[in-house]
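Where a number appears in this text, it was derived from the coordinates with a stated rule and is not lab data. All figures in this text were calculated on a predicted structure; none of them were measured in a lab. Neighbour counts run over all protein chains shown; Cβ positions are idealised from the backbone, glycine included.
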Amino acid sequence: MVFMFYLKKKYKMQLYKYKNYDEYKKIQEEGNIQKIKCCWVLENNIKILSNYLTKYIEDIKFGICHGTRRGKEQEWFKNILT
């Protein structure tokens, strides 16, 4: 079964065939544990974006953060925008 693709060096894509869903799930969980303390965005970038948003949007009621692991981005947005 093919469940996902991943980036290799120099951004070449490669399909990876997992034996089954259980193998896929196990590998995803192991990867999550290894990266749980990582954050791929800087808090200062969230501040800059928040300043831009408040400049052009009067009443921000909600937002969507895609692909966050620990919720730090949501926490920073909430702290800055409220």
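Some notes on this structure:
- For the peptides 20-31, 51-62, 70-81, the ranking by mean Cβ contacts within 10 Å, running from highest to lowest, is 70-81, 20-31, 51-62.
- If R0 is 30 Å, the Cβ-Cβ spacing of K25 and L49 corresponds to a FRET efficiency of close to 0.35.
- Whole-Hz ³J(HN,Hα) from phi, Karplus 6.51 cos²θ - 1.76 cosθ + 1.60, for the range 40-57, glycine and proline x: 9, 10, 8, 4, 4, 5, 5, 4, 4, 5, 4, 4, 4, 4, 5, 5, 10, 10
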